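A.B. asks: Encoded as structure tokens, here's the structure I'll be asking about.
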Amino acid sequence: GLVGPTDISDQIQVGRGYAAWCGDNLFTTTAFIIDVFKNPTIANTPVSLPMSWTDTGTPLVDGWNLVGNPLASPIDLDALVLGADVDGTFWVFDPVSGNNYFRDTDLDVGSGPMATSSTIQSSQGFWAKANGAANSVTVDESAKTLDPNGGSPFGGMQLQNTPLLRLGLHSQLNQFSDEALLHFGVGGPGADAIDIVKFTFSHPEAPQLWSASQDGDVLALNAWGTVPGTAAIPVHVNTAVTGDHTLEVMQLTQPMEGYCLVLEDLETGTLTEVVLGATYTFTLDASAPADPARFLLHVSQQSEGTLTASATEVLVGEAVTFGSGTQPGALVTWDFGDGTTSTEEAPVHAYTLPGSYPVTLTVGSAPCDLVLTEVIEVGISTGLE
């Protein structure tokens, strides 16, 4: 856990991170100034951040270090020199959300304001994790970056061109929120080194949101990989404050367009199509366990097909051959507009009465279905040549 200072005479160590509560009451903080004296740190010689690792036999909790940017300038996390046993994922506590945001320098992704910014502001504390004795982290002048507004809690989200889904959880009960990311471009359904295990250092009233790997790992970023068929991914929620909470699709990148995603509330049975900006509000009890998962994220390929007809103007009794353009085994439903239907991929149909008939082809099932229409005009032969 966190280690408190011995007394007021303890010196602030270069490169160490500190957690401090500042405010004049529990809910608001009057602006104040912190004066920092002495000369700034110049890293012409690399500065080592104070890292340590103790093997207690519990690797998920061993090796967490609260360090800080020792330079009088923003730095780029990508420019840190890491020992072989240091994760490339860094976490920053955000007092607005009440939770941590992460930045992964290997995948070049992150959550919240760290989504595309790897900037750590001057004097900003952040968490780094060591997994063994080779746990050095050094920074020098080359890590400086001209980005006074980037990073958490100062930065903002930008566009990403990787197949990402970002879900958010918030409520009107307080200001706090959380995020979970799923990456469908790398990794696999089981636990692997690309997944980012959720690190919880949060306000006690902040909600928690995460997804699980096929092995049950609690993940902030679930690198599930490409889904060639279908997948059902557990999504967990937890809160300390009973009331209505809202899940929101905060980000769904362009490379996800080939997928159909549906969020199922296992408690109510409600299905919500996952599209950018979609929200789902539900009641969450503080006493409800986080396991098993409250939600399942169903992932499948978008339905594909084309509606073709051998002719769109025919006579009564004349056969029309229809095509769906689907792969073998696809769920296909035809409505010929005259009360008759078919589930064949390429049916043949003839009309018994003249008229205009809207033909509807449905591929797949809602809400992931593809619906196409074509009008067939049916006339009567006059018998005249």
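A short reminder: the numbers here are calculations on the coordinates, not readings from a lab. Keep in mind that what you see is a predicted model, and the values were worked out from it rather than measured. FYI the Cβ positions are ideal-geometry reconstructions off the backbone, even for glycines, and counts take in every protein chain you see.
A.B. asks: Starting from residues that are in a loop (DSSP other than H, G, I, E, B) and either in contact (Cβ under 8 Å) with a residue 40 or more places away in the chain or of a type in the set (A, V, I, L, M) (or both), keep the ones in region 299-313 and report whichever is nearest to residue 235 (Cα to Cα).
C.D. replies: Taking region 299-313 first, the residues in a loop (DSSP other than H, G, I, E, B) are 302-307, 310-312.
Filter again for either in contact (Cβ under 8 Å) with a residue 40 or more places away in the chain or of a type in the set (A, V, I, L, M) (or both), leaving 302-307, 311-312.
Values: 302: 21, 303: 24, 304: 27, 305: 31, 306: 34, 307: 37, 311: 48, 312: 48 Å.
It comes out as 302.
A.B. asks: Those residues that are among the aliphatic types (A, V, I, L, M), touching a residue at least 24 places away in the same chain (Cβ under 8 Å) and either surrounded by fewer than 17 Cβ atoms within 10 Å (Cβ to Cβ) or touching a helix residue (DSSP H, G or I) at 6+ places or on another chain (Cβ under 9 Å) (or both), I need them from region 348-367; list them, please. Steps first, answer last, please.
C.D. replies: Of region 348-367, the ones among the aliphatic types (A, V, I, L, M) are 348, 350, 353, 359, 361, 363, 366.
Next, from what is left, pick out any that are touching a residue at least 24 places away in the same chain (Cβ under 8 Å): 348, 350, 353, 359, 361, 363.
Correct list: 348, 350, 353.
A.B. asks: Of the residues that make up region 292-300, is at least one over 27 Å from residue 165 (Cβ atoms) and hydroxyl-bearing (Ser, Thr, Tyr)?
C.D. replies: In the first step, residues of region 292-300 are kept if they are over 27 Å from residue 165 (Cβ atoms); the result is none.
The answer is no, given that none of the residues of region 292-300 is over 27 Å from residue 165 (Cβ atoms) and hydroxyl-bearing (Ser, Thr, Tyr).
Yes/no matrix, rows are residues, columns are (1) among the small types (Gly, Ala, Ser); (2) in contact with a helix residue (DSSP H, G or I) (Cβ under 6 Å, 6 or more places away or on another chain); (3) under 26 Å from residue 198 (Cβ atoms); (4) touching a residue at least 12 places away in the same chain (Cβ under 8 Å):
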{"site": "45", "(1), (2), (3), (4)": "no, no, no, yes"}
{"site": "56", "(1), (2), (3), (4)": "no, no, yes, no"}
{"site": "64", "(1), (2), (3), (4)": "no, no, yes, yes"}
{"site": "72", "(1), (2), (3), (4)": "yes, no, no, yes"}
{"site": "78", "(1), (2), (3), (4)": "no, no, yes, yes"}
{"site": "81", "(1), (2), (3), (4)": "no, no, no, yes"}
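A.B. asks: Might you let me know whether region 332-354 holds any residue that is outside any strand (DSSP E or B), under 34 Å from the mean Cα position of the chain (by Cα) and polar (S, T, N, Q)?
C.D. replies: no
A.B. asks: Is there a residue in region 248-263 that is at positive phi and in contact with a Gly (Cβ under 6 Å, 6 or more places away or on another chain)?
C.D. replies: No, every residue in region 248-263 fails to be at positive phi and in contact with a Gly (Cβ under 6 Å, 6 or more places away or on another chain).
A.B. asks: Same structure, new question: For region 272-303, how many residues meet the condition of being exposed (fewer than 14 other Cβ atoms within 10 Å of the Cβ), touching a Ser or Thr at 6+ places or on another chain (Cβ under 7 Å) and within 27 Å of residue 262 (Cβ to Cβ)?
C.D. replies: Qualifying residue count for the region: 3.
A.B. asks: Can you name the residue in region 123-142 that is surrounded by 17 or more Cβ atoms within 10 Å (Cβ to Cβ) and touching a helix residue (DSSP H, G or I) at 6+ places or on another chain (Cβ under 9 Å) and, of all such residues, is farthest from residue 17 (Cα to Cα)?
C.D. replies: The residue in question is 140.
A.B. asks: For residue 345, are the conditions met, namely being in contact with a strand residue (DSSP E or B) (Cβ under 9 Å, 6 or more places away or on another chain), under 20 Å from residue 213 (Cα atoms) and without any contact (Cβ under 8 Å) to a residue 60 or more places away in the chain?
C.D. replies: no
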